[in-house]
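First comes the structure, then the notes that go with it.
Rule-based calculations on the coordinates, nothing more; no lab input. If you're wondering where the values come from, they're calculated on a predicted model, not measured in any experiment. Using ideal geometry, Cβ is built from the backbone for each residue, glycine included, and neighbour counts are taken over all protein chains shown.
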Amino acid sequence: MNTIKLFVLGLIAIFSFYSCSDDEDDNWQEIPNTEITPVSKNNNVIYEVNIRNYSAEGNFKGLEKDLPRLKELGVDILWLMPIHPVGEKNKIGTKGSPYSIKDYKAINPDYGTDTDLKSLIATAHASGIKIWFDWVANHTAWDHVWVGNHLNFYASKNGVRPYSPENWSDVIQLDYKNADMRAEMIDAMKYWVESFDIDGYRCDAATYIPLSFWHEARTEIDKVKEITWLCEGDNASYMQVFDYDYAWSFNTALNDFGKTNNISNLVSECNKLFSNNAYTNKGRMIYLTNHDLNAYDGTEFTRYGKNVLPLTVLSFTIYDMPLIYNGQEIGMDKVMGLFDVVPVVWTPANNTYNDLFKKLTQLKRTQPALEDGTNRGVLKVYPTNNEDIFVYSRKRGTNEVITMLNLTDHSIKFKFSNTTPLGTFRDYLKGGNQDFSLQTEIELPANGYSIYVK
């Protein structure tokens with residue numbers, strides 16, 4: 001009976017979302033995000049939080065206070081960058097990298113206490129938001145607690161133990177040939193699931209670590225709780241264990257587009273993303289920016305210029321789970337390095353960005369065509385009479401989402417060529433109904449975008 005009630009309530013919510021008579025179009029509004037749950041477990045939006053920069057307090061309490069806003073924004077998952085104490089030896093900057101871990105079973109005192117973290121997680125869960133931890137398993141800080149007692153946990157190179165991998169001078173490489181170290185790592189990962197009830201791990205540099213370890217870790221942690229696993233990497237063989245990975249090469253293609261504005265190449269990369277059969281039953285994370293890109297390559301405005309908004313629309317509609325990095329949703333153009341406190345500037349917020357992100361999270365979470373993985377909606381690119389326009393569809397069953405992007409700095413009028421979307425669509429952002437034909441002339445402003453839903 002409860003299942004039937006939930007199903008009926010879901011239908012009512014979806015009907016309310018779409019129902020609107022033609023004479024009401026001028027006043028058309030979507031229902032608030034607080035009333036929406038994703039149509040499936042594969043319709044989630046993830047939000048990355050750098051605790052030290054997110055709030056004025058720079059701690060768990062500062063984030064917890066903002067959970068109502070994140071709920072309204074339409075966030076389903078909060079990925080917390082590492083919450084552990086940062087190493088002091090060979091530290092970079094005033095605070096050091098959060099990826100230089102001093103103790104896997106402790107909390108950075110700057111962020112708060114065990115009680116503060118448990119309160120954050122409980123409040124997030126009560127709001128329907130999941131908490132994922134960032135887990136750094138490849139390396140530790142030079143002064144990690146293992147260095148004094150278990151130096152054999154660390155790898156050697158050219159007779160030197162320990163050593164820094166990849167020229168990362170503030171960390172040292174662990175040795176995954178050491179079974180005792182692997183067992184201690186899994187024990188630490190289990191601790192946060194058992195004691196703090198977290199819901200997932202984003203695994204840093206996951207493909208640097210043998211796949212066999214991740215098999216062991218997931219097998220053991222599944223005995224405690226079945227959580228979700230995100231791999232930082234794009235090696236499809238790791239999807240034997242992981243649920244999501246980074247669509248890394250696609251992000252590289254987006255950055256290349258930012259330099260060349262070659263729309264034909266962008267379309268080709270979108271098709272390539274869909275043609276990778278290794279991900280038929282698994283998900284990928286799509287992103288314009290994250291902590292690494294922001295820190296080392298500049299903000300999305302540096303990389304994409306005036307096309308930030310249309311590419312934001314693309315990131316939510318082209319494929320799988322979209323990522324929002326803290327401050328991205330308000331259009332903040334600020335580099336936040338990893339080694340110092342560089343707070344997000346929340347005011348004034350750019351309402352164009354803020355409003356669009358709310359609409360896009362709602363779209364992602366309510367359209368079956370935008371699901372990830374097994375139920376991923378198919379992609380169709382529609383040809384037009386203007387090569388500077390990119391029009392594509394995501395379709396699953398009777399649900400279809402049409403996205404139109406003008407990736408130039410001038411207004412463009414265009415028509416479909418050869419084929420058109422079939423049926424009546426609702427203009428998702430402006431309201432009103434639309435039927436398309438080969439004679440229909442559509443206009444998009446410079447760096448503009450439209451979304452239509454059936």
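In terms of modelled amide H atoms, which long-range or inter-chain residues lie less than 5 Å from the amide H of GLU400?
Here LYS454 satisfy the definition.
Consider just the alpha-carbon atoms of segment 365-427 and return their Rg together with their Dmax, both in angstrom.
Rg, Dmax (Cα atoms, Å): 13.0, 39.
Please list 3J(HN,Hα) in residue order for segment 199-207, calculated via the Karplus relation 6.51 cos²θ - 1.76 cosθ + 1.60 where θ = phi - 60°; whole Hz, with x for glycine and proline.
Here the 3J(HN,Hα) series is 10, x, 10, 9, 9, 5, 6, 4, 7 Hz.
Between the DSSP loop rule and a limit of at most 11 other Cβ atoms within 10 Å, which trypsin sites (Lys or Arg not before Pro) in segment 181-273 are left? Show your work: numbers first, answer last.
Values: sites: ARG182, LYS190, ARG202, ARG218, LYS223, LYS225, LYS259, LYS272; in loops: LYS223, LYS225.
The qualifying sites are LYS223.
Which shape class, rounded, prolate or oblate, goes with segment 149-217 when its Cα gyration tensor gives a ≥ b ≥ c as root eigenvalues, a/c under 1.5 marks rounded, and past that a/b bigger than b/c marks prolate?
Working: a/c = 2.01, a/b = 1.75, b/c = 1.15.
Because a/c hits 1.5 or more and a/b exceeds b/c, segment 149-217 counts as prolate.
Just need the relative contact order of the chain here, percent rounded to a whole number, with Cα pairs under 8 Å and 6+ apart.
Relative contact order of the chain: 15 percent.
Give the residue list of GluC sites (Glu not before Pro) in segment 392-454 that are DSSP loop and have at most 12 other beta-carbon atoms within 10 angstrom.
Filter output for segment 392-454: GLU441.
In what sequence, highest mean first, do 247-257, 122-132 appear when ranked by Cβ atoms within 10 angstrom?
247-257, 122-132
Spelling out what I want: for every residue of segment 154-168, take phi, set θ = phi - 60°, compute 6.51 cos²θ - 1.76 cosθ + 1.60 (Karplus), and round to whole Hz; glycine and proline get x.
Whole-Hz 3J(HN,Hα) from phi for segment 154-168: 9, 6, 10, 9, 6, x, 9, 9, x, 9, 8, x, 6, 6, 8.
With θ taken as phi - 60° and the coefficients 6.51, -1.76 and 1.60, list the Karplus ³J(HN,Hα) couplings across segment 264-273 in order, rounded to whole Hz; mark glycine and proline as x.
Rounded to whole hertz, the list is 4, 5, 4, 4, 4, 5, 5, 5, 5, 4.
Report the net charge of residues surrounding TYR319, where surrounding means a beta-carbon distance below 10 angstrom and charges are Lys +1, Arg +1, Asp -1, Glu -1.
On the way: positive: ARG284, ARG376, ARG394; negative: ASP320, ASP372.
Neighbour charge sum, excluding TYR319 itself: +1.
When averaged across all projection directions, what area in nm² does the alpha-carbon convex hull of the chain cover?
In nm², the orientation-averaged hull projection of the chain is 22.8.
Relative to the first principal axis of the alpha-carbon coordinates of the chain, what is the inclination of helix 308-317, with its axis defined by its Cα atoms, in degrees from 0 to 90 and to the nearest 10?
Long axis of 308-317 versus the principal axis of the chain: about 90 degrees.
Check segment 91-205 and count each lysine pair with an alpha-carbon distance under 21 angstrom, considering only pairs eight or more places apart or from different chains.
13
By the gyration tensor of its Cα atoms, with a ≥ b ≥ c the square roots of the eigenvalues, what is the shape of segment 132-269: rounded for a/c under 1.5, prolate for a/b over b/c, or oblate?
Values: a/c = 2.48, a/b = 1.43, b/c = 1.74.
Here segment 132-269 falls in the oblate category.
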